[in-house]
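Some notes on the structure that comes next.
The values are calculated or read from the model by the stated rules, or taken from the named source; none is laboratory data. None of these values were measured; they are calculated from a predicted model. Here Cβ is always computed from backbone atoms with ideal geometry, including for glycine, and neighbour counts include all displayed protein chains. Side chains are part of the model used for accessible areas, which takes the heavy atoms of the whole protein and leaves out ligands, DNA and RNA. Shrake-Rupley method; radii C 1.70, N 1.55, O 1.52, S 1.80 Å.
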Amino acid sequence: MKIGVSVDGVLRNLLSKIEETHTKYFPPQEGESEIEVLDYDLEKWLTFPEEEVKQKEIEFNPDFVEVEVKEKVDIKLETKKEKVTIQEFLYERCTVEIFGYAEESVSSAVETLNQLVIDNPQHEFIIISREGGMAIPSTFFFLAKTKSSCPNIKFVKEYSKVWDYVDVMVTDHPKIIDTKPNGKVSIIIDKDYNKDFNQDKMRFKTIKEIDSDVLNKVETILNDD
């Protein structure tokens with residue numbers, strides 16, 4: 001049995017780290033409420049102030065002479081107001097801080113997964129995450145600092161693609177749960193934002209409630225299908 005485990009929400013407390021990092025760099029102004037990040041739909045929760053950005057423009061000279069460049073270059077500075085995007089915030093400005101330095105979802109979450117791997121050698125465990133760019137090495141850093149010993153790690157570009165690699169998925173993400181194909185099983189880590197899902201009657205507060213007995217029940221469900 002191939003068992004996938006989501007990094008975010010199961011092993012890593014990503015949402016809290018996003019909230020903390022946003023507050024650090026974009027603190028609420030007087031009269032504004034503090035940012036809360038309550039699910040993965042980040043556009044609902046994150047706002048960014050406008051920032052002044054100065055852009056340099058070199059005036060084009062059709063009579064360009066290389067020697068004269070050393071003597072004079074006419075540079076105009078234009079000031080524009082732009083807003084930081086969520087993509088820029090996550091994957092350019094604060095990638096390592098968010099994806100690398102986040103805390104575990106629950107104390108000893110990664111250690112629990114390590115023990116599951118040891119106690120169930122008949123199963124293949126795969127840590128899976130939908131990430132790209134510098135978020136990938138930052139996630140490796142998170143797994144290294146938490147002493148993950150799971151040998152299989154897979155990064156996908158779409159949430160639905162996690163099911164291409166596993167029979168079972170331990171996750172809290174609604175998009176992963178909602179795209180579960182027939183003949184596969186979701187083990188849901190209970191959150192307010194996924195409370196409407198319970199296809200396989202497998203809901204747990206944290207990964208620490210999952211043990212060999214639970215995996216045996218899941219295997220039975222798969223065999224019955």
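Points worth noting:
- Surface analysis of region 71-225 yields an accessible area of 56 Å² per residue, using protein heavy atoms and a 1.4 Å probe.
- Residue-wise HN-Hα couplings along region 114-124, as the Karplus relation 6.51 cos²θ - 1.76 cosθ + 1.60 with θ = phi - 60° gives them from phi, are 3, 5, 4, 4, 5, 6, 10, x, 6, 10, 9 Hz; Gly and Pro carry x.
- Förster radius 22 Å - calculated FRET efficiency between Leu42 and Asp190 (Cβ-Cβ, nearest 0.05): 0.60
- Whole-Å distance, taken between Cα centres, linking region 1-55 and region 192-225: 28 Å
- Long pairs among Lys2/Lys44; Lys83/Lys191; Lys161/Lys191; Lys44/Lys83; Lys157/Lys184; Lys24/Lys83, criterion Cα-Cα beyond 27 Å: Lys2/Lys44; Lys83/Lys191
- HN-Hα J in Hz across region 126-132 - Karplus 6.51, -1.76, 1.60, θ = phi - 60°, x for Gly and Pro: 9, 7, 10, 8, 9, 8, x
- Apolar share of the accessible surface for the chain: 47 percent from carbon plus sulfur atoms, 1.4 Å probe.
- Placing +1 on the Cβ of every Lys and Arg and -1 on the Cβ of every Asp and Glu, with no other charges, gives the chain a dipole of roughly 640 debye about its Cα centre.
- Length-normalised contact order of the chain in % [C-alpha pairs under 8 Å, at least 6 apart]: 26 percent
- Among Ser105, Gln29, Thr47 - extreme Cα towards positive end, dipole of the chain, charges at beta-carbon: Ser105
- Gain on full stretching of the segment that runs from Glu209 to Asp164 - 0.36 nm per residue minus C-alpha separation: 13.6 nm
- Gaussian network model of the chain, springs between alpha carbon atoms under 10 Å - residue of Tyr193, Tyr91, Tyr101 with greatest fluctuation: Tyr193
- Considering helices alone, the calculated mean residue ellipticity of the chain at 222 nm is -7000 deg cm²/dmol, with DSSP H runs of length four and up weighted by -39500 (n - 2.57) and normalised per residue.
- Couplings 3J(HN,Hα) of region 163-177, computed from phi: 6, 5, 10, 9, 9, 10, 10, 8, 7, 10, 7, x, 5, 6, 4 Hz, in residue order, whole Hz [Karplus 6.51 cos²θ - 1.76 cosθ + 1.60, θ = phi - 60°; x for Gly and Pro].
- Taking amide H as placed 1.01 Å from N in the peptide plane, Arg12 has its amide H under 5 Å from the amide H of Ser105, each at least 5 places away in sequence or on another chain.
- The length gained by stretching the chain between Gln115 and Lys217 to full extension, at 0.36 nm per residue less their Cα-Cα distance, is 34.9 nm.
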